[in-house]
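Q: Would you mind keeping the following structure in view while I ask a few things?
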Ligand code: ADP
């Protein structure tokens with residue numbers, strides 16, 4: 001009996017067998033069913049499907065599958081399938097439903113397990129020195145770790161890891177990082193600037209583009225950790241990164257002065273605002289031991305503990321002042337590799353192990369899990385005759 005009019009719910013249910021062969025989910029769940037309309041008392045059904053791009057090569061697959069699925073419903077004689085394109089906001093929503101919250105296209109950083117943004121409230125606290133040495137320490141601990149220098153004004157990672165030059169481009173047009181001592185891949189804005197351009201003032205849109213390119217066009221390969229040296233404070237770069245890498249985590253570097261915590265807290269607040277997790281705090285310049293063995297707390301005491309407690313995150317390390325750490329940074333020979341037994345190097349190794357403990361396998365940027373569904377199930381349905 002065709003008198004019982006068919007409902008939108010019935011059609012929607014029927015459409016759940018139409019699977020997007022690339023995204024491995026059905027078009028209802030993906031929010032790709034734009035409209036369902038009935039004509040001639042439900043004998044004719046018009047379905048509009050929204051595609052990710054107008055020239056979507058799997059369009060005819062959707063056309064056939066939708067026609068079959070809806071055509072199989074009782075009483076339906078004719079199915080018209082139309083198409084339109086998802087708006088940018090809808091595409092973003094689709095990404096979110098797929099668990100890829102960020103704006104990055106599929107594949108970028110897919111093989112990077114953890115992205116850690118190293119930030120500080122202000123400059124000069126040793127953020128870059130620690131990024132360089134932590135990356136080297138993680139490497140020495142057997143992890144695949146790379147450093148990306150996003151400190152666009154004070155790019156010091158190349159100097160600290162002793163690597164300068166121009167990256168080459170691979171056959172598939174990806175930028176290849178330069179490899180520093182110990183096999184550490186490094187990318188810095190310095191590698192892309194001619195000597196005369198170094199005084200350049202980077203502004204919002206330009207920065208956004210450069211950072212995006214670092215993330216999308218660099219072939220990082222398989223990594224356990226990508227450490228990103230942020231510019232001090234909160235600004236355009238941090239904002240861009242937080243948007244592009246919603247699963248990245250913050251690591252905050254601070255000095256022992258309790259009075260300076262207000263500055264560090266500001267970065268932490270930004271991390272919260274952008275919904276990034278704070279992995280922990282590292283206190284740097286935590287006292288100095290004189291040649292006669294006396295410990296002097298030049299920059300005060302307790303700042304790291306205080307900030308960690310306030311943010312309810314672990315204090316991953318307290319790195320003492322040590323001249324060799326500075327010399328190593330100036331000469332491109334990270335202390336953790338040059339003299340791993342020195343007190344500062346030991347403290348950095350301790351922090352690196354803390355980072356490892358706080359980032360269980362696949363914690364951050366694990367690729368989207370594929371579901372066990374047949375690629376095309378539309379054909380399994382009998383055609384309505
Ligand atoms: P930031 O990246 O926060 O601006 P840097 O890493 O450039 O800071 O550090 C500023 C200076 O202090 C550098 O010369 C660096 O080598 C030195 N430095 C940083 N931490 C220590 C430390 N624990 N002991 C000695 N020198 C340090």
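Q: Do we have residue 217 as within 14 Å of the ligand (Cβ to nearest atom) and in the same structural domain as residue 120 (by TED's automatic domain parsing) here?
A: No.
Q: Hey, could you check region 343-358 for residues that are under 15 Å from residue 286 (Cα atoms) and surrounded by fewer than 19 Cβ atoms within 10 Å (Cβ to Cβ) and say which is nearest to the ligand (Cβ to nearest atom)?
A: Applying the filter and picking the extreme gives 343.
Q: Looking only at region 272-285, filter to residues that are without any contact (Cβ under 8 Å) to a residue 40 or more places away in the chain and not in a strand (DSSP E or B); which one of those is surrounded by the most Cβ atoms within 10 Å (Cβ to Cβ)?
A: Filtering first and then ranking leaves 274.
Q: Which one is surrounded by the fewest Cβ atoms within 10 Å (Cβ to Cβ) among residues in region 310-323 that are modelled with pLDDT of 90 or more and away from the ligand (no atom under 14 Å from the Cβ)?
A: Residue satisfying both the conditions and the ranking: 314.
Q: Follow-up. Can you find a residue in region 83-94 that is touching a strand residue (DSSP E or B) at 6+ places or on another chain (Cβ under 8 Å), at pLDDT 85 or above and not assigned by TED's automatic domain parsing to the domain that holds residue 239?
A: Within region 83-94, one or more residues are touching a strand residue (DSSP E or B) at 6+ places or on another chain (Cβ under 8 Å), at pLDDT 85 or above and not assigned by TED's automatic domain parsing to the domain that holds residue 239.
Q: If residue 340 meets every condition in (1) touching a helix residue (DSSP H, G or I) at 6+ places or on another chain (Cβ under 9 Å); (2) within 15 Å of the ligand (Cβ to nearest atom); (3) in contact (Cβ under 8 Å) with a residue 12 or more places away in the chain; (4) more than 24 Å from residue 250 (Cβ to Cβ) apart from one, which number is that one?
A: Of the numbered conditions (1) touching a helix residue (DSSP H, G or I) at 6+ places or on another chain (Cβ under 9 Å); (2) within 15 Å of the ligand (Cβ to nearest atom); (3) in contact (Cβ under 8 Å) with a residue 12 or more places away in the chain; (4) more than 24 Å from residue 250 (Cβ to Cβ), the odd one out for residue 340 is (2).
Q: Restricted to region 173-194, and to residues that are touching a residue at least 40 places away in the same chain (Cβ under 8 Å) and part of a loop (DSSP other than H, G, I, E, B), which residue is farthest from residue 345 (Cα to Cα)?
A: 173
Q: On the given criteria, is residue 265 away from the ligand (no atom under 15 Å from the Cβ), under 30 Å from residue 111 (Cα atoms) and assigned to a helix (DSSP H, G or I)?
A: no
The values are calculated or read from the model by the stated rules, or taken from the named source; none is laboratory data. Quantities reported herein were computed from a predicted structural model and do not represent experimental measurements. A quick note on method: Cβ atoms are made from the backbone with ideal geometry, for glycine too, and the neighbour counts reach across all protein chains shown.
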